[in-house]
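Novice: I'd like to ask you about the structure that follows.
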Amino acid sequence: MRFNPTRLASALLLCALTATTATSALAQGFPNKPIRMVVTFPAGGAPDILSRLFADKAQLGQPVVVDNVPGAGGNIAADMAAKAPADGYTLVLLPSGHSSNAAMKKHLPFHPVNDFSWISTVTTYPLTLAVTPQSPIKSFPDFIQRTKAEPGRYTYTSVGMGTAMHLVGEWIMAEGGGMATHVPFKGGAAPLAELLAGRVDVMIDTMTSTAPLLKEKRVRVLAVTSPKGANNPPGVPSVAEFYPPVVFESWLGVAAPAGTPPAIVARLNKELRAVVAQPEIRQQLLDWGGTPQAGSPAEFQARVERDIQSLRKVVADRRIETE
């Protein structure tokens with residue numbers, strides 16, 4: 001049989017049109033059953049509340065059922081979502097810890113970028129470097145100078161080895177040329193208790209944790225890790241004003257399994273944007289110390305890739321032991 005390029009091209013075009021039509025039909029009928037939202041946190045925290053707000057406010061015509069699957073720093077839930085059918089009926093609320101996990105772990109049961117269809121971020125919030133009001137450390141430059149003058153003398157907290165707080169602390173030390181001692185905790189109120197007791201010098205945590213303490217004047221914030229020019233608390237600089245590469249914002253965002261039809265991703269993105277735009281939802285996110293920030297799937301994926309690359313560089317440069 002002679003090769004006929006015209007006939008081949010026609011066959012390929014027909015296949016493409018058939019696939020497009022099938023995908024379009026699937027998207028038009030979506031959803032026709034409940035959607036499962038896997039959450040990497042236990043019930044009761046801000047991410048859980050946020051997922052339930054989305055479930056309540058989303059105008060999808062079907063229930064969104066929240067399924068709390070905590071454990072392994074979010075990897076259990078992420079793996080579950082990555083391996084689910086790519087039909088839009090399984091979503092996962094991922095935290096920025098997804099990026100630090102990717103930086104710290106040599107082997108994950110999923111690819112941290114390619115195994116997901118990225119729908120949108122929901123909110124972002126910087127990390128904060130906080131001290132007690134009575135601390136002799138008067139400013140962020142003062143802290144850096146002290147870590148240079150007395151290497152290892154000053155301490156900073158995180159909620160665990162390999163977390164974003166730990167890695168960002170090391171990133172700041174690398175850029176500033178100082179040395180502070182890392183004191184990890186297993187989350188909870190321990191970092192604040194140790195800070196208030198004067199047993200550690202600087203607490204690195206999320207703005208969601210620090211905002212109420214700042215309002216109550218229980219802490220003083222030296223700097224935040226949001227981009228230069230961000231809407232920071234009055235008088236609080238961004239670390240990037242001194243060290244431009246150091247930009248890191250924690251985030252929460254919604255993803256689906258890789259291969260989810262683009263039309264369904266677009267529908268979910270549209271709905272999520274609409275929920276985040278609602279005044280009461282925006283205010284809730286602001287009250288938690290975050291910034292409402294729904295965006296495009298491409299923007300979300302680019303953020304994840306950028307964060308992983310930045311944190312992997314910190315791990316390599318500071319020779320932090322990985323798992």
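Since every read-out is calculated from the coordinates, none of them should be taken as a lab result. Computed from a prediction, not measured in an experiment: that's the story for all the values here. As a convention, Cβ positions derive from the backbone with ideal geometry for all residues, glycine included, and neighbour counts pool all protein chains shown.
Novice: Under the rule of at least 5 residues apart or a separate chain, name every residue whose amide H is placed under 5 Å from the amide H of Ala258.
Specialist: For Ala258, the qualifying residues are Phe116, Ser117.
Novice: Excluding Asp142 itself, what net charge comes from residues whose Cβ is under 13 Å from its Cβ, given Lys and Arg +1 and Asp and Glu -1?
Specialist: Combined, the nearby Lys, Arg, Asp and Glu give +2.
Novice: Grab the other residues whose beta carbon is less than 14 angstrom from that of Arg52, score K and R as +1, D and E as -1, and report the net. Please list the in-between numbers first.
Specialist: Numbers: positive: Arg36, Lys57; negative: Asp48, Asp56, Asp67, Glu280.
In short, -2.
Novice: Taking amide H positions as placed 1.01 Å from N in the peptide plane, with prolines and chain starts having none, which residues 5 or more places from Val122, or on another chain, fall under 5 Å of its amide H?
Specialist: Excluding prolines and chain starts, which carry no amide H, the hits are Leu252, Gly253, Val254.
Novice: Let me ask you something else. Measuring from the lowest to the highest alpha carbon on each principal axis, how far does the stretch 126-241 reach, largest first, in angstroms?
Specialist: Principal extents (Cα only, largest first): 32, 31, 28 Å.
Novice: With a bin width of 10 angstrom, please list the P(r) values of the stretch 46-171 as percents of all Cα-Cα pairs, from the 0 bin to the one holding the largest distance.
Specialist: 10, 32, 27, 17, 10, 3, 0
Novice: With a cut-off of 8 Å between alpha carbons and a minimum separation of six or more residues, what is the relative contact order of the chain in percent? Don't skip to the end; give the middle numbers.
Specialist: Numbers: 589 pairs, mean separation 82.4, N = 323.
26 percent.
Novice: Could you give each residue of the stretch 77-90 its phi-based ³J(HN,Hα) in whole Hz, using Karplus coefficients 6.51, -1.76, 1.60 with θ = phi - 60°, and x for Gly or Pro?
Specialist: Using θ = phi - 60°, the values come out as 5, 4, 5, 4, 5, 4, 9, 6, x, 8, 10, x, 9, 10 Hz.
Novice: I want to check the label-to-label distance for Met161 and Lys186. Put each point 7 Å from Cα in the C-beta direction and report it in nm to one decimal.
Specialist: Placing both labels 7 Å beyond Cα along the Cβ direction yields 1.4 nm.
Novice: Label-point separation (nm) for Glu150 and Asp67, each offset 7 Å from Cα along Cα-to-Cβ?
Specialist: With each label placed 7 Å out from Cα toward Cβ, I get 5.3 nm.
Novice: Past 18 Å, Cα to Cα, is the threshold; run Lys105/Lys228; Lys106/Lys313; Lys186/Lys217; Lys57/Lys215 against it and keep the listed order.
Specialist: On the way: Lys105/Lys228 30 Å; Lys106/Lys313 14 Å; Lys186/Lys217 25 Å; Lys57/Lys215 29 Å.
From the list (Lys105/Lys228; Lys106/Lys313; Lys186/Lys217; Lys57/Lys215), the Cα-Cα distance tops 18 Å for Lys105/Lys228; Lys186/Lys217; Lys57/Lys215.
Novice: Provide, as a two-decimal number, the C-alpha radius of gyration of the chain over 2.2 N^0.38 Å, N being how many residues it has.
Specialist: Dividing the Cα radius of gyration by 2.2 N^0.38 Å gives 1.13.
Novice: About the Cα centre, and with charges only on the beta carbon of Lys, Arg (+1) and Asp, Glu (-1), how big is the dipole of the stretch 126-241? Nearest 20 debye, please.
Specialist: 240 debye
Novice: So for the stretch 171-239, considering every pair of alpha-carbon atoms, how many percent are separated by more than 14 Å? Please report the intermediate quantities before stating the final value.
Specialist: Details: 1530 of 2346 pairs.
Considering the stretch 171-239, 65 percent of its Cα-Cα pairs are separated by more than 14 Å.
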